[in-house]
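Peer 1: I am attaching a structure below and will ask some questions about it afterwards.
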Amino acid sequence: MPFTGAHPVAVLPFLRTRLPASALVVGSVVPDLPSYVPVDPLWKTHTWTAVVTVDLLTGLLVWALWHGLVSRPLVATAPRPLRARLVGVPLGLRGRLTGAQGLVPVAAAVVVGAATHVVLDAFTHPRRWGVDLLPVLYEPWAGVPAYSWLADVGGAVGLLVLAGWVAPWWRRTPPAPVPPGRPWPWVVVPLAGVVGALAAAPGEPDTRSAAVEAAFGGGGAALGAAAVLVVGWQLRGVLSR
């Protein structure tokens with residue numbers, strides 16, 4: 001799957017277990033995170049060793065940052081229809097960790113999520129064990145390797161499945177009364193993503209390569225803009241006390 005955002009579809013079956021959903025989602029995307037940083041990664045993230053080492057550690061850090069720093073400003077600035085449906089959802093790390101033993105299910109969920117990512121990418125990227133196991137995936141279909149078709153179609157189907165999973169929740173969750181918000185960060189972050197994508201795409205040899213670079217460049221720019229806004233939101237809260 002060239003689009004990282006489609007990978008959480010693989011952890012949907014595990015949501016019926018006791019593993020924390022947020023940690024499953026973090027684990028499912030964490031192997032790709034170095035691709036959104038404009039520096040060469042110092043380690044491999046798509047190996048079985050990485051799943052229980054660097055992916056696990058990075059995933060725990062991202063999970064803690066998400067609940068400890070990001071979730072509150074994200075909900076506070078969300079568009080009103082979404083914010084109205086998130087009233088009552090517990091935010092922050094408090095209650096999610098009960099000492100060191102509370103990290104066990106979180107760590108397990110990150111590992112499970114990262115493992116699903118590695119398996120999916122093994123059959124959709126060249127020179128991976130999955131594609132090497134099935135040489136037919138190297139065969140061209142309409143001039144494009146079969147593994148690329150699996151990646152592109154799988155990414156699109158994954159997004160559709162995720163949308164289909166979210167839609168029932170949206171319909172059955174009644175909106176609660178909430179005051180008007182300031183959703184402008186939800187304009188700034190996508191705008192930064194568009195600028196990053198446009199800057200990353202030129203110079204690529206073909207459309208697919210340009211799309212992949214645009215996804216990583218745009219995603220990195222959006223994450224950077226979101227990080228700046230989150231830090232600003234947190235600082236404003238500290239200074240206003």
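Values quoted throughout were computed directly from the atomic coordinates according to the rules given, and no laboratory measurement underlies them. These figures come from a predicted structure and were not determined experimentally. When we count neighbours, we look across all protein chains shown, and the Cβ atoms used for this are built from the backbone with ideal geometry, even at glycine.
Peer 1: Between VAL188 and ALA21, what is 0.36 nm times their sequence separation minus the Cα-Cα distance? Round to one decimal in nm.
Peer 2: Length gained, VAL188 through ALA21: 57.4 nm.
Peer 1: Whole angstrom only: what separates the Cα centroid of the stretch 129-157 from the Cα centroid of the stretch 1-57?
Peer 2: Between the Cα centre of the stretch 129-157 and that of the stretch 1-57, the gap is 21 Å.
Peer 1: A further question on this structure: Just to be sure I understand: with springs between alpha-carbon atoms less than 10 Å apart, which residue in THR116, THR207, THR47 has the highest mean-square fluctuation in the Gaussian network model of the chain?
Peer 2: Fluctuation is largest for THR207.
Peer 1: Over the stretch 184-240, what is the mean sequence separation of C-alpha contacts under 8 Å (at least six apart), divided by residue count, expressed as relative contact order in percent?
Peer 2: It rounds to 39 percent for the stretch 184-240.
Peer 1: What size of dipole, in debye to the nearest 20, comes out for the stretch 4-182 about its Cα centre when the only charges are +1 on Lys and Arg C-beta atoms and -1 on Asp and Glu C-beta atoms?
Peer 2: It works out to roughly 1080 debye.
Peer 1: Got a sec? Charge dipole of the stretch 4-182, +1 on Cβ for Lys and Arg, -1 for Asp and Glu; which of ALA115, LEU137, TRP48 is way out at the positive end?
Peer 2: ALA115
Peer 1: Follow-up. Just to be sure I follow: if Rg is taken over the C-alpha atoms of the stretch 184-240 and Rh is the Kirkwood radius over the same atoms, what is Rg/Rh?
Peer 2: Result: Rg/Rh = 1.19.
Peer 1: Let me ask something additional. Taking only C-alpha pairs under 8 Å that are 6+ residues apart, what is the relative contact order of the chain in percent?
Peer 2: RCO, the chain: 26 percent.
Peer 1: Also: Under 10 Å, Cα contacts only: if you run a Gaussian network model on the chain, which one of TRP165, TRP149, TRP43 comes out with the highest mean-square fluctuation?
Peer 2: It is TRP43.
Peer 1: Work out how much length VAL104 to LEU65 would gain on full extension: take 0.36 nm times their residue separation and subtract the Cα-Cα distance, in nm to one decimal.
Peer 2: Extending this stretch completely gives an extra 12.3 nm.
Peer 1: Mean Kyte-Doolittle of at least -0.5 and a Cα length of 30 Å or more along the axis: which whole DSSP H helices of the chain meet both?
Peer 2: Once both thresholds are applied, what remains is 146-172, 207-239.
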